[in-house]
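Have a look at the structure below before the remarks.
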Amino acid sequence: MDETFSQEQQHLLEVYAKLEQIRDALTADLESDHAGAAQDLIDMSEEVRLNFNSADETMETLAAIETLNAVIDAYNQYHDIKLDELRRAIMLLRQPYFAKVTLKMRPGRPPRDVYIGAAGMTDERSIPFIVDWRSPVAETYYNQEMGETSYLMDGKARTVELLLRRQFDIVRDKLNMYFDTTVAIEDSLLLAALKAHHTEKLQAITATIQREQNTVVRHEDVPVLLVSGIAGSGKTSVMLQRIAYLFYNQRKTLDPKQVFLFTPNQMFVHYIDTVLPTLGESNPQTVTWDAFLASLDLSGRNSGAQGSADELRRLERAVASMTLEAGDLREIRVDGVRLLTAAQIKNAVEKFSRIPAGPRLAALVEEELHEKLERRFDALAKDDEMQEDMLGLDIEDQLEYFDSTIAPYDEEETRALARIYVSKRFAAAHDAIDSAAWLRIDRIGMRLLGRSDLTAAEWLYTKLLVAGGQAKHVRYVMIDEVQDYSEVQLMVLARYFANAHFLLLGDENQAIFEHAASFDAIRGIFSAVHGDVAECALTTSYRSSPEITELFASLLDADVAMSLSSVQREGTKPEQIVCEDRESYLGTLGRLVDEAEASSGLTAIIVQRKETVHWIDKQLGGRVRVLARNDALPKSGVVLLTLALAKGLEFDHVIIADADGNDYLGTPLARRRLYTAISRAMHKVTLLAQGDLSPLLK
């Protein structure tokens, strides 16, 4: 009998019992607190008398309402804290922890056992019995350094001695096995996880984060972090763990709405959307480039993604020496009422005539326009017609504007209420000023470029150059598959999110589009706007078998290929099949589909062109599922899709059905595309060609 196993199983049972007690106690507390809070609020509400007959009575009524609101806020805050603790307890009951480290914190002191889980939990004395994987001390587990190691606490390195690093395979209260490991290649949990088949959703890698991945996850907060990782190195997983880490370290200040994640397509959004919730975190704002433009009402234009970066640079030079003309300005109207004339806006611009065009000038003009607008509101509040409109409001509208019914008793109170009415009715005018609606962006951009139209990217870039950034609240922007973005797209995003810190992840060897920006260009774009660009590299493949890794590595430069490795166990050798004619090609493809359907896991037939997808689908008689941009990835079966859609995804078996010399010529672009297609495979890859095999494979 393994005594260590017995001891760890007993410890697990004790921890599990604690978690059950915490869950049950919190559930009971929340139910009791909810009932008690509801009754308290009913009693307090009944004591509040709504009386607006005089100024003093109105003040007393408002004070009573404010007190009630404060009590409600306190109840809500207490409820949210308890609810968060209950959520963590329920999550941990699925797997209380996945690792343990034994640390000697100080000489002469007994070692300390630290159990690490997906979330942290404390006992009745507020002593942690499970620590969150993102906590500083948990870094000793991910460092994978036995003996002397360190972790950062409040920005200072704390040195400790790691005596034991133990991993657990646990399901609820059952310990299946444990492993004592020291280095990454001996990471037993990782190797066990890699044996598994593809899942329709990306899984969190919390228990198996490797040292080079941990460097990215826990990297210091810098303006721009560029991560270059080979295919299958876990870039997307690392990005999501990084987001979870940021949420943990900025729990009180960082909101998911302040984090933007750019993904290749909606299928990819479906693929990753459960990772952060399983870690107890909310998903950030997840968008594609097209969705980003749509949110700015620019979807009706040519996106300009494949446009010329030189045109944007030409705009930069032109704006630096331009002067706003009268025709570049427009009046501000809301609800059919003209609030600021073009002449008033022109006067505001001329007031700062010595300041060159750009965000500084726009900020000064906007401040002036806000003051003019407030004066306009003052005038409107004295307007008889506006006062009549206010007095004619029905009860529902009165409550919306004033939170109560109104019955002004003299002219002074009428004007005061009218001022409130005007401010709320025309509040959108302030928003229009802030969004630079007083500028004719199209006219400015077309005038500077000497063109009759602008793409969405050019329009937005013109606005950014003239009026400044538009996403001041966004603190972090993550761009996955950054190698597929053009210089135009990245120049726009770098300026639009001028106040944000960026995490850029990609593989330059997977740049499958002709207009993609090089990594040198990416560095230049972001250093120009955000300063220095920090970099990390991920050189180990966790997705593909050594045989598949060797095949796609053979498509790279020799010096790059030599640095790549796979931690997977030996697998199936890639298969190359060349068919002499169409009949034998279709027969072979049909046989491969039959074999794939009879096996477990998910098989993908990947081709470059949409036309080839339609042709194969027709030839196979609709036997396989054709995936479109908005589809979710199935767990098993056979799917047919383009290489562009397959980007970032993984499959148990990949059939490259157009591995011939016509589709994969011996060009750098074709080489990158073939590298990308092959590297989608986890366990098996089949290259099928009609006629000649691609020269890249010979």
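Brief remarks follow.
- Within segment 337-359, being in contact (Cβ under 8 Å) with a residue 60 or more places away in the chain and open to solvent by 40 Å² or more (accessible area, probe 1.4 Å) holds for one residue alone: P359.
- Failed criterion for S544 (all others in (1) in contact with a helix residue (DSSP H, G or I) (Cβ under 6 Å, 6 or more places away or on another chain); (2) over 24 Å from K463 (Cα atoms); (3) outside any helix (DSSP H, G or I) hold): (1)
- Which listed residue is open to solvent by 10 Å² or more (accessible area, probe 1.4 Å) and closer than 19 Å to I605 by Cα, from I512, I525, I577: I577
- Residue among F513, F552 that is within 18 Å of G648 (Cβ to Cβ), part of a helix (DSSP H, G or I) and not acidic (D, E): F552
For (1) open to solvent by 10 Å² or more (accessible area, probe 1.4 Å); (2) in a helix (DSSP H, G or I), each residue gets a yes or a no:
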{"position": "Q203", "(1), (2)": "yes, no"}
{"position": "V222", "(1), (2)": "yes, no"}
{"position": "S228", "(1), (2)": "yes, no"}
{"position": "S233", "(1), (2)": "no, no"}
{"position": "V238", "(1), (2)": "no, yes"}
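- Criterion applied to L586, L640, L627 was being in contact with an Asp or Glu (Cβ under 9 Å, 6 or more places away or on another chain) and of a type outside the set (F, W, Y), and the one residue passing it is L640.
- When the residues of segment 92-129 are filtered to those that are open to solvent by less than 20 Å² (accessible area, probe 1.4 Å) and in a helix (DSSP H, G or I), the one that is nearest to G147 (Cα to Cα) is L92.
- In this entry, L254 passes the filter for residues that are aliphatic (A, V, I, L, M), open to solvent by 10 Å² or more (accessible area, probe 1.4 Å) and at pLDDT 95 or above.
- Whichever residue in segment 240-276 is in a loop (DSSP other than H, G, I, E, B) and not polar (S, T, N, Q) and, among such residues, is nearest to A517 (Cα to Cα): P264
- Each residue in segment 1-15 was checked for being open to solvent by 40 Å² or more (accessible area, probe 1.4 Å), assigned to a helix (DSSP H, G or I) and of a type in the set (A, V, I, L, M), and 1 pass.
- Residue in segment 140-158 that is surrounded by fewer than 15 Cβ atoms within 10 Å (Cβ to Cβ), of a type outside the set (S, T, N, Q) and within 21 Å of L175 (Cβ to Cβ) present: no
- Of all residues making up segment 205-220, the number that are surrounded by fewer than 17 Cβ atoms within 10 Å (Cβ to Cβ) and outside any helix (DSSP H, G or I): 2
- Within segment 436-459, one or more residues are within 21 Å of A309 (Cβ to Cβ), at pLDDT 95 or above, in a helix (DSSP H, G or I) and under 24 Å from the mean Cα position of the chain (by Cα).
- Residue match in segment 620-636 (condition: surrounded by fewer than 22 Cβ atoms within 10 Å (Cβ to Cβ), without any contact (Cβ under 8 Å) to a residue 12 or more places away in the chain and more than 25 Å from E481 (Cβ to Cβ)): yes
- Per-region count, segment 389-415, residues over 22 Å from L340 (Cα atoms), in a helix (DSSP H, G or I) and either open to solvent by 60 Å² or more (accessible area, probe 1.4 Å) or aliphatic (A, V, I, L, M) (or both): 7
- So V477, is it among the β-branched types (V, I, T), open to solvent by less than 30 Å² (accessible area, probe 1.4 Å) and not in a helix (DSSP H, G or I): yes
- Failed condition for L369, given (1) over 30 Å from L490 (Cα atoms); (2) more than 36 Å from the chain's Cα centre (by Cα); (3) not in a strand (DSSP E or B): (2)
- Residue within segment 81-102 that is at pLDDT 95 or above and farther than 30 Å from D24 by Cα present: yes
- Residue selected from segment 265-284 under the condition in contact with a Lys or Arg (Cβ under 7 Å, 6 or more places away or on another chain) and buried (at least 20 other Cβ atoms within 10 Å of the Cβ), by the criterion farthest from G120 (Cα to Cα): N265
- Scan of segment 656-672 for residues that are closer than 26 Å to T236 by Cα and in contact with a Ser or Thr (Cβ under 9 Å, 6 or more places away or on another chain), ordered by number: I656, A670
- For first residues located in segment 73-89 and at negative phi, partners that are at pLDDT 75 or above and of a type in the set (K, R) and lie 6+ apart or on another chain with Cβ distances below 6 Å form the pairs A89/R23.
The values are calculated or read from the model by the stated rules, or taken from the named source; none is laboratory data. As the structure is a computational prediction, the values presented were derived from the model and not from experiment. All Cβ positions, glycine included, derive from the backbone under ideal geometry; neighbour counts span all protein chains shown. Side chains included, ligands, DNA and RNA excluded: accessible areas come from the protein's heavy atoms. Shrake-Rupley method; radii C 1.70, N 1.55, O 1.52, S 1.80 Å.
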